[in-house]
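The values are calculated or read from the model by the stated rules, or taken from the named source; none is laboratory data. Not measured: the values here are computed from a predicted model. With ideal geometry, Cβ positions are generated from the backbone for all residues, glycine too; neighbour counts draw on all protein chains shown. For accessibility, only protein heavy atoms count, side chains too; no ligands or nucleic acids. Shrake-Rupley method; radii C 1.70, N 1.55, O 1.52, S 1.80 Å.
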Amino acid sequence: MEKKQFERPYIKKLQAGMPSKFGMKSKPEPITHIDDNSVADLIGEFGSPLFVISEKTIRETYKKAHHAFATRYPKVQFAWSYKTNYLDAVCRIFHQEGSWAEVVSGFEYDKALANGVKGSQIIFNGPDKNDEDLKKAVGNDSLIHIDHFDEMYSILALSEKLGKKPKVAIRVNMDTGVYPMWDRFGFNYENGDAWDAINRIMINEKLELVGLHAHIGTYMMSADSYKIAAGKLADLAHGVEKKYGIHIRYIDMGGGFASRNTLKGAYYPGTDTTPSFEEYAEAISSALLNSELDPRKLPTLILETGRALIDDAGWLLGTVIANKRLSSGNRATIVDVGVNLMFTSFFYEHEVYPAAPVSEHLEETTLYGPLCMNIDVLREAIAFPLLKKGDHFVIKRIGAYNMTQWMQFITLRPNVVLIDLEGKSHIIRKQETIENITQQEVLPAYLA
Ligand SMILES: *Cc1c(COP(=O)(O)O)cnc(C)c1O
């Protein structure tokens, strides 16, 4: 029999065996496999740390979300938010499922085109679109969501030069009862700016107003705020019908649905508090269907949901480097995954699981990454079993934003693997090498 791992004794307040509101104390169940691939084998083949994405989970989550809306509203279109995860393999799965592309920069726009998305199915958001970007978008009949008046004037000038009538929407910001309000993007509803923008577009006749857009925030825990937002956009669209006799073709509710991750400091886990797709869909569709909009010419409902569609499909696998006691006596476990790869650890209390069966003794542990930075903390305090050097672990729900907001800092970024529907693994982004990084550097001759 293998010698058991020594665990240092420690003193802990005795918890009576009563179930608390979180239920009985539970032993951490390890995550040993992801879509039938063993974690140990994946790390053996592709190294540690390792990002793993499940195609099955992406497709299932997308279908669930689409179903929730399509059963409540007659015309629904999703557009994949590129900044949430723009690895081509991921984008193409969403496009295969029927998603258009939602981009917020010239770089993302080009990525969407390269992924085979038709220009007319690319939604161009964001405050920073330069003339080159706009020229391309106008030429390809893309849907340009105007963020500010300066952008409107640029598009007007371009439309004259190109002799084309650009298809535009305006981004509208508004009070939805959730604060702080995101009022830095688009035109405000309450103060009349949104109407001002609409009137200038309509009277000018050089632009075609096809849609109205709002993206009220991110990780919005309140489905009600969407009801308010949808009601206000419907009100604007109805106003346009009445005043100009045209029907707005689409209402775009943006993204922002909460994923099932737990926010830092939250009292209950995200899995218990996050509204379901059905609740969001109910809120939005009831606001639109019960509005004054002409029921024979209802606008298409566009959704740019990001994190709620991809978070569950991503895992980050890693390996323990060391354990130590802090001067406070608290246990610290140092792992090979740092905040450079886990940007979302600044906001979320990510769930971390051992990758093999472990002792049931949990101790409050701080999980540190490998960077030489005091802020490199994955979890400040997690009830965690003792994992020894070389043991593997799995971080859950990391599919959103980490693979776009990661930084090349101190270490190189690792492989990203996609597990397909048959359970086969494919590298979809190669581990970086020192050459990848230094090839961008230029050494002045006198230093060579
Ligand atoms: C980031 C973003 C999204 C996606 O947001 P999530 O919170 O990830 O759903 C959608 N639309 C716009 C305009 C965005 O900026």
For GLN431, indicate whether it is open to solvent by 30 Å² or more (accessible area, probe 1.4 Å), of a type outside the set (A, V, I, L, M) and within 16 Å of the ligand (Cβ to nearest atom).
-> no
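For every residue, the table says whether it meets (1) more than 25 Å from the chain's Cα centre (by Cα); (2) of a type outside the set (A, V, I, L, M, F, W, C); (3) modelled with pLDDT under 95.
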residue: HIS247; (1), (2), (3): yes, yes, no
residue: MET253; (1), (2), (3): no, no, no
residue: GLY256; (1), (2), (3): no, yes, no
residue: LYS264; (1), (2), (3): no, yes, yes
residue: SER276; (1), (2), (3): no, yes, no
residue: GLU282; (1), (2), (3): no, yes, no
residue: SER291; (1), (2), (3): yes, yes, no
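Each row is one residue, and each column tells you yes or no for (1) within 14 Å of the ligand (Cβ to nearest atom); (2) open to solvent by less than 10 Å² (accessible area, probe 1.4 Å); (3) outside any helix (DSSP H, G or I).
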residue: TYR179; (1), (2), (3): no, no, yes
residue: PHE185; (1), (2), (3): yes, no, yes
residue: ASP196; (1), (2), (3): no, no, no
residue: ILE201; (1), (2), (3): no, yes, no
residue: ILE228; (1), (2), (3): no, no, no
residue: LEU236; (1), (2), (3): no, yes, no
residue: LYS242; (1), (2), (3): no, no, no
residue: ASN261; (1), (2), (3): yes, yes, yes
residue: TYR267; (1), (2), (3): no, no, yes
Touching a helix residue (DSSP H, G or I) at 6+ places or on another chain (Cβ under 6 Å), within 16 Å of the ligand (Cβ to nearest atom), at pLDDT 95 or above and farther than 30 Å from VAL417 by Cα - does that describe any residue in the range 307-318?
-> no
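Residues checked against (1) touching a residue at least 60 places away in the same chain (Cβ under 8 Å); (2) open to solvent by 10 Å² or more (accessible area, probe 1.4 Å); (3) over 25 Å from ILE248 (Cα atoms):
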{"position": "THR57", "(1), (2), (3)": "yes, yes, yes"}
{"position": "HIS66", "(1), (2), (3)": "no, yes, no"}
{"position": "PHE94", "(1), (2), (3)": "yes, no, yes"}
{"position": "LYS129", "(1), (2), (3)": "no, yes, no"}
{"position": "LEU143", "(1), (2), (3)": "yes, yes, no"}
{"position": "PHE149", "(1), (2), (3)": "no, yes, no"}
Failed condition for PRO275, given (1) in contact with a helix residue (DSSP H, G or I) (Cβ under 7 Å, 6 or more places away or on another chain); (2) within 16 Å of the ligand (Cβ to nearest atom); (3) more than 27 Å from ILE93 (Cβ to Cβ), with all others met?
-> (3)
Here the residues within the range 144-177 that are within 16 Å of the ligand (Cβ to nearest atom) and either in contact with a strand residue (DSSP E or B) (Cβ under 7 Å, 6 or more places away or on another chain) or among the hydrophobic types (A, V, I, L, M, F, W, C) (or both) are ILE144, HIS145, ILE146, ASP147, VAL168, ALA169, ILE170, ARG171, VAL172, ASN173, MET174
So ALA381, is it modelled with pLDDT under 95 and of a type in the set (A, V, I, L, M, F, W, C) = yes
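Kindly state which strands (runs of 3 or more DSSP E) lie completely within the range 50-136 and contain at least 2 residues that are within 14 Å of the ligand (Cβ to nearest atom) and not hydroxyl-bearing (Ser, Thr, Tyr).
Those strands (runs of 3 or more DSSP E) span 76-81, 100-103, 122-124.
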